[in-house]
Amino acid sequence: QGTASIAAVAPGVSEALIATAAGLFAAIPAVIAYNYFLTRIRRTALQMDSVVVELLALIPPQTKSVDPVAVGVKG
């Protein structure tokens with residue numbers, strides 16, 4: 001009692017190993033693709049940020065004069 005023969009356990013172990021291999025077969029390419037696209041997205045975001053900074057540097061600063069009466073400031 002309490003012991004199992006290899007013949008009884010082997011099919012379950014075999015099934016578990018096959019399921020694990022199938023999972024790895026799906027997961028490894030998915031992780032590679034995820035990291036590839038994440039790197040591309042981060043690189044693109046940095047390039048976009050650089051372009052925005054360059055564009056903002058080209059825009060001259062504007063000063064607006066505010067009429068205190070028009071905005072409702074009481075003094």
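Of (1) in a loop (DSSP other than H, G, I, E, B); (2) at pLDDT 95 or above; (3) of a type in the set (D, E, K, R), Arg40 satisfies all except one. Which?
Here Arg40 clears every test but (1).
Mind listing whichever residues of region 1-20 are small (Gly, Ala, Ser) and exposed (fewer than 10 other Cβ atoms within 10 Å of the Cβ)?
Passing the criteria: Gly2, Ala4, Ser5, Ala7, Ala8.
Only one of these is of a type outside the set (S, T, N, Q), at pLDDT below 95 and in a helix (DSSP H, G or I): Ala27, Ala33, Ala57, Ala70. Name it.
So the residue among Ala27, Ala33, Ala57, Ala70 that is of a type outside the set (S, T, N, Q), at pLDDT below 95 and in a helix (DSSP H, G or I) is Ala57.
The values are calculated or read from the model by the stated rules, or taken from the named source; none is laboratory data. What you see is a predicted model, and the numbers here were worked out from it, not measured in a lab. Ideal geometry is used to build each Cβ from the backbone, glycine not excepted, and the neighbour counts take in all protein chains shown.
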